[in-house]
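Novice: To start, I am sharing the structure in question, which I have written as structure tokens.
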Amino acid sequence: MAMPRLRWGAVVFSVLLGSFMINPGTVTASAPASEPSVDVPFERYTLDNGLEVILHSDRSVPLVAVDVWYHVGSGDEEPGLSGFAHLFEHMMFQGAKHIGSDVHFDTLRKIGGTGVNGTTNKDRTNYYEVVPSHQIETALWLESDRMGYLLDLLNQEALDNQIDVVRNERRQRYDNVPFGLERFAVAAGLYPEGHPYRYLTIGKHEDLETAKLEDVRAFFKQWYVPSNATLVLAGDFEMKEGRALVDKWFATFPKFDKPGHTAPELPPIAKTQRTELDDTFAKFTRLHFAWQSPAKLAKGDAELTVLGRVLGSSGWGRLYKRLVLGSEAAQRVSVYQSGHGFSGEFHVVVDVKPGRDLAEVEAAVAEELRRAAQQPITDVELRRVVNGIESGLVWGLEEVLGRAERLQFFNHYSGKPGYYEEYVQTFRDLTPEGIQTQAKATLEAHRVEVVSRPAKAETKSETKPGGA
Amino acid sequence: MKKLLLSVGLLLACTPSSSTAPPDAGQGSIAITGSKPAGSAVVWPDEQFRYQQPQPQQPRELNVPPAERFKLDSGLDVVLVSRTDLPTVSMWLSFPTGSITDPTGKRGRTSLCMSLMSQGTAKLDKIAFEEKQADLAVNVWASSGSERVSTGVSSLARTLEPALDLWIEMLREPGMRQDDLARLVSARKASLGQNRAAPRNLARRLWPSVVMGPEHPYGRLTTERDYTSISRKDCQKFASGLGLENATLFVAGAMTKQQVVDSVGSRLTDWKGKTTVPDAPIAPTPRKAAIYFADIPGAKQSQLYVGHPGPMRTAADYEANRLNAAILGGSFSGRVNMNLREDKGFAYGARARFSYYKHAGVFAMTSSVRGDATAAALGELLSELRRMRSEPVSTEELAREQDAAIASLPALFDTSRQLLSTYASLSFYGLPLDYYAGFVGRISDQGVADLRTAARNNLKDTNLSILVVGDGEAVLPSLQALAKEESLGPVVVLDPDGRVVKSL
């Protein structure tokens with residue numbers, strides 16, 4: 001055995017906040033490459049006030065991920081308040097009664113918090129941080145304060161500022177990039193006026209602009225109640241200690257009824273229609289087809305997930321092979337099922353190279369879609385996708401936050417934090433014929449077609465202060 | 001899966017309130033008792049313990065997985081982080097050469113040739129090579145930088161042997177096919193077109209040429225003509241220059257030293273040769289001080305870059321530079337973010353940092369700001385920069401960033417891949433692999449005066465490189481006014497390939 005050249009020694013790092021003992025690890029005898037468990041063991045329970053708690057203890061690295069999912073997303077927005085769930089997420093970082101104003105990031109930074117953020121999608125809003133495990137309680141202090149006492153510090157100035165920030169976010173991610181706006185056109189084709197999925201999670205400028213403090217209050221009271229949240233602690237703590245800390249910070253909160261979600265009406269697309277757009281920043285022509293499809297984890301979701309990969313995988317996917325590698329008419333191809341809480345979407349997106357013929361690309365896409373609906377995929381293709389999904393789930397376990405998010409994800413969509421095994425089994429049980437049946441049902445229905453073309457140089461959009 | 005995730009972004013900062021101190025109990029506390037959603041009277045508890053930040057517990061021990069460093073029989077240097085908690089293996093092989101060696105007229109050669117190498121093997125064409133990876137659920141890749149190129153494989157432990165076969169086959173007998181080269185060139189030319197047309201892409205494209213110099217190896221721009229003139233022969237020559245002598249193999253995951261020797265060593269016995277380490281380039285030659293501007297009509301936001309060449313990664317005052325940049329804009333809490341985002345509402349975020357080539361550094365403040373706020377935001381960035389030089393940082397800010405650097409250490413050792421990339425980075429800059437053993441002491445030793453000295457030496461507020469990409473008609477007049485007012489030099493309009501169009 002060669003001695004490791006790197007010697008840490010047993011260094012005691014004196015830190016203002018405490019100290020870390022850094023020990024040299026020991027090399028264990030060669031472990032043969034066997035099939036280790038990729039289980040994420042957990043305990044789930046519910047406090048009297050309805051807060052759902054999931055604990056996953058793993059003491060290998062002195063870190064804890066604290067991850068709170070509120071079961072509300074842009075899919076729960078009222079007409080006229082598009083983008084509100086996400087704007088509200090921003091307000092959750094502005095301060096609360098006991099912690100003070102605008103100190104959330106500072107406080108976590110001082111204790112070595114990493115991966116601090118919040119995100120909103122159609123179905124849920126999550127807030128998370130990874131902290132050194134001896135600082136777990138500060139993370140619980142911050143999360144409990146905004147769950148219980150956000151409204152105490154709510155003020156117009158902070159709201160005005162975050163409206164600006166979110167509108168800048170929209171400009172940065174949608175209004176000022178190639179193909180940012182075609183996403184709105186696709187959603188407008190999939191969902192009728194008034195359906196919350198129609199405006200995307202970022203929302204419309206005119207709705208964001210008019211958000212009121214009273215909307216923030218009402219949204220908080222309706223959706224941010226303990227019974228509509230799930231708290232996950234994952235990482236370096238003892239189960240008993242974890243329970244006690246959760247009790248201390250959350251158990252005295254009052255109980256409210258769990259809010260219900262109303263699935264909006266979704267009429268099928270009546271007729272395939274095409275929208276043509278001029279894109280100020282694009283240099284490719286983008287062809288984008290989208291269909292309504294099954295919801296996340298609903299029957300058909302797995303089938304279409306596989307189909308998306310069979311058609312679109314970089315390297316071996318059918319459309320990739322044909323258009324990117326074969327005719328080289330396309331710069332990139334992307335095909336995917338995107339399931340949400342109420343319903344899903346299936347997308348085919350192709351970027352056509354400058355000077356290449358859109359009609360030729362469309363013909364190839366049409367032929368591959370027809371083939372997918374009329375013939376089963378091969379066993380080899382199916383196995384490839386299932387292997388990829390299995391291995392992706394293993395890689396996703398590396399980080400403690402990844403494990404926390406996996407528990408939350410399956411808990412939210414299936415009601416079972418440990419749904420992983422069943423999820424993988426769903427894919428293993430798929431057959432080429434079953435996938436074909438679903439492909440036929442989805443792809444032969446009417447769809448949305450959006451074609452974005454590079455705008456001519458003289459097409460100049462008006463620059464209005466404050467943006468579009 | 002394209003799920004829409006809107007993030008609050010990693011950016012903010014206000015005057016650091018020392019949040020470890022309990023806030024004034026009376027501050028802004030309006031009990032919301034009596035709010036009655038769902039018709040029931042409810043009381044949120046008023047509990048004393050909530051008024052102060054909890055005390056930390058006893059810190060736990062951090063067991064850093066050891067990095068073993070050894071040589072294979074072939075002479076190849078290996079750095080191994082062995083961890084068996086997950087059945088995964090990542091490895092990569094780095095060679096100390098890169099795009100600074102690209103000949104004139106063939107800029108982009110290294111990057112293109114590394115891509116070509118990873119298109120397949122002599123036996124497996126592109127599609128067969130991709131299908132084989134997908135069947136095994138493994139990933140074989142190649143990448144390139146200014147002074148390092150790498151290729152690697154990641155695999156579950158159960159598929160490691162065939163994954164290694166595939167990877168080594170690619171390394172030893174890459175396909176280097178003419179039709180793959182032609183396809184890559186066509187795709188890169190198409191990307192160039194897009195990169196000239198989108199604000200963010202164009203700013204990224206132009207910035208190195210502004211701050212390092214349009215003729216400097218770190219700053220030269222690639223054009224279609226470069227790609228057209230790179231031949232298969234050029235790539236074959238480049239690939240044959242990659243030898244194991246001077247290369248390093250990094251391995252992380254479920255492998256022991258013996259397994260590396262058996263599985264990798266045995267597959268590399270016949271690979272001879274040496275990678276020539278290129279000489280350090282000359283010092284950066286930034287364009288003369290000015291506001292450089294590139295026009296994208298219709299842009300809703302302006303991309304801002306403000307900076308200058310900076311110290312090297314190995315500079316003696318690295319820690320002070322790092323803390324200065326952290327205070328100025330290293331996170332959400334940094335001054336530029338708190339100013340542009342949380343105070344003015346000009347932007348979704350703003351950052352400042354030193355970044356490092358092997359032989360030079362760059363300091364840059366960056367943001368993407370609302371079009372009508374372009375000049376005002378630029379003015380704020382400049383004033384924050386001057387303030388770093390003219391005033392000492394506050395002890396609260398310094399403490400916050402020292403705490404952050406030290407307390408976040410465990411996150412550097414969270415996963416084997418993360419640990420390995422930490423080691424790879426140390427090795428790239430020629431720093432010792434036990435660098436972090438002394439890290440806490442070096443960070444803790446920094447005082448306000450050290451940061452002040454470092455700011456005066458390494459943050460410049462004159463002769464700045466400034467780049468703005470936005471809608472010229474909307475923002476140029478205010479930029480000209482700002483340039484005059486702040487003596488920033490002329491406003492120089494560049495075309496998307498960095499050529500001067502006019503000076504205003």
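The values are calculated or read from the model by the stated rules, or taken from the named source; none is laboratory data. Because the structure is a prediction, the values reported are computed rather than measured. Here Cβ is always computed from backbone atoms with ideal geometry, including for glycine, and neighbour counts include all displayed protein chains. Ligands, DNA and RNA are excluded from the accessible area calculation, which covers all protein heavy atoms including side chains. Shrake-Rupley method; radii C 1.70, N 1.55, O 1.52, S 1.80 Å.
Novice: Give me the percent relative contact order of region B:175-272, please, defined on Cα pairs under 8 angstrom at least 6 residues apart.
Specialist: In percent, rounded to a whole number, it is 22.
Novice: So for region A:81-154, considering every pair of alpha-carbon atoms, how many percent are separated by more than 20 Å?
Specialist: Result: 29 percent of Cα pairs exceed 20 Å.
Novice: Note down the relative contact order for region A:273-454 as a percent, whole number, built from C-alpha pairs under 8 angstrom at least six residues apart.
Specialist: 38 percent
Novice: For region B:173-190, just list the computed ³J(HN,Hα) in residue order, Karplus coefficients 6.51, -1.76 and 1.60, θ = phi - 60°, integers in Hz, with x standing in for Gly and Pro.
Specialist: Per residue, the Karplus-derived 3J(HN,Hα) values read 9, x, x, 6, 7, 4, 6, 5, 4, 4, 5, 4, 5, 5, 5, 5, 5, 5 Hz.
Novice: Would you mind classifying region B:331-404 by shape? Square roots of the alpha carbon gyration tensor eigenvalues, ordered a ≥ b ≥ c; an a/c under 1.5 is rounded, otherwise it is prolate if a/b is larger than b/c and oblate if not.
Specialist: oblate
Novice: Pull out a ≥ b ≥ c, the square roots of the eigenvalues of the alpha-carbon gyration tensor of chain B, then state rounded if a/c is under 1.5, prolate if not and a/b is larger than b/c, and oblate in the remaining case.
Specialist: Here chain B falls in the oblate category.
Novice: Counting only pairs 8 or more places apart or on different chains, how many lysine pairs in region B:67-267 have C-alpha atoms closer than 23 Å?
Specialist: Taking region B:67-267 as the scope, the lysine pair count is 12.
Novice: While we're here: Kirkwood hydrodynamic radius for region A:120-201: how many Å is it when counted over pairs of different Cα atoms?
Specialist: Result for region A:120-201 stands at 16.1 Å.
Novice: When the gyration tensor of region B:225-366 is built from Cα positions, what are the square roots of 5 times its three eigenvalues, in whole Å, from largest to smallest?
Specialist: 40, 24, 18
Novice: Have a look at region A:101-145 and report residues whose accessible surface goes down by 50 Å² or more when the remaining protein chains are included, against the chain on its own, probe 1.4 Å, ligands and DNA/RNA excluded.
Specialist: Output list: A:D102, A:F105, A:D106, A:R109, A:K110, A:N117, A:H134, A:W141.
Novice: Between chains B and A, what is the buried accessible area in Å², counting both sides, with a 1.4 Å probe and ligands, DNA and RNA left out, to the nearest 100?
Specialist: Buried: approximately 12500 Å² between A and B.
Novice: Then there's this: DSSP beta bridges in chain B, what fraction antiparallel, as a percent rounded to 5?
Specialist: For chain B, the DSSP antiparallel bridge percentage is about 75.
Novice: Quick one: work out the % antiparallel among DSSP beta bridges in the protein assembly as shown, nearest 5.
Specialist: 75 percent
Novice: First obtain the Kirkwood hydrodynamic radius of region A:43-250 from its Cα pairs, then insert it into the Stokes-Einstein equation at 25 °C and 0.890 mPa s, and state the resulting D in µm² per second as a whole number.
Specialist: This corresponds to a translational diffusion coefficient of 137 µm²/s.
Novice: Calculate what fraction, in whole %, of the accessible area of the protein assembly as shown sits on carbon and sulfur atoms when a 1.4 Å probe is rolled over the protein chains.
Specialist: With neighbouring chains kept in place, the figure for the protein assembly as shown is 50 percent.
Novice: Continuing with this model, one more query. For B:T104 and A:D357, what does the FRET efficiency come to when R0 = 45 Å and r is the distance between their Cβ atoms, rounded to the nearest 0.05?
Specialist: Using R0 = 45 Å, I get an efficiency of 0.75.
Novice: If you take the beta carbon distance between A:D278 and B:V448 as r and set R0 to 41 Å, what does 1/(1 + (r/R0)^6) give as a FRET efficiency, to the nearest 0.05?
Specialist: Plugging the Cβ-Cβ distance into 1/(1 + (r/R0)^6) gives 0.15.
Novice: Can you work out the Karplus-derived ³J(HN,Hα) for every residue in region A:411-428? Use 6.51 cos²θ - 1.76 cosθ + 1.60 with θ = phi - 60°, whole Hz, and x for glycine or proline.
Specialist: Listing the rounded values in order: 5, 5, 8, 10, x, 10, x, x, 5, 2, 4, 5, 4, 5, 5, 3, 6, 4 Hz.
Novice: Ok, one more. So, with +1 on the Cβ of K and R and -1 on the Cβ of D and E, and no other charges, what is the size of the charge dipole of chain A about its Cα centre, to the nearest 20 debye?
Specialist: Here chain A has a charge dipole of around 940 debye.
Novice: Can you compute the radius of gyration and Dmax for region B:424-504, using only the Cα atoms, both in Å?
Specialist: 20.6, 54
Novice: Looking at B:G334, B:L378, B:V469, which one has the Cα that reaches farthest to the positive end of the dipole of region B:290-503 (charges on Cβ: Lys, Arg +1; Asp, Glu -1)?
Specialist: It is B:V469.
Novice: When the Karplus curve 6.51 cos²θ - 1.76 cosθ + 1.60 is applied with θ = phi - 60°, which whole-Hz ³J(HN,Hα) does each residue of region B:484-490 get, with x for Gly and Pro?
Specialist: Result, rounded to whole Hz: 5, 4, 9, 6, 9, x, x.
Novice: Relative contact order, percent, of chain A when contacts are C-alpha pairs under 8 Å separated by at least 6 residues?
Specialist: Relative contact order for chain A comes out at 19 percent.
Novice: Let me make sure I get this right: for the protein assembly as shown, a, b and c are the square roots of the gyration tensor eigenvalues over alpha carbons, sorted descending. Under 1.5 in a/c it's rounded, otherwise prolate if a/b > b/c, else oblate. Which is it?
Specialist: rounded
Novice: Heavy-atom accessible surface, probe 1.4 Å, ligands and DNA/RNA ignored: which residues of region A:59-85 lose at least 50 Å² versus the isolated chain?
Specialist: Listed in order, they are A:V61, A:P62, A:L63.
Novice: Percent antiparallel among DSSP beta bridges with both residues in region A:273-454, to the nearest 5?
Specialist: 75 percent
Novice: Please report, to two decimal places, log10 I(q)/I(0) for region B:67-267 at q = 0.14, 0.18 Å⁻¹ as given by the Debye formula with identical point scatterers on the Cα atoms and no solvent.
Specialist: These q points yield log10 I(q)/I(0) values of -0.88, -1.23.
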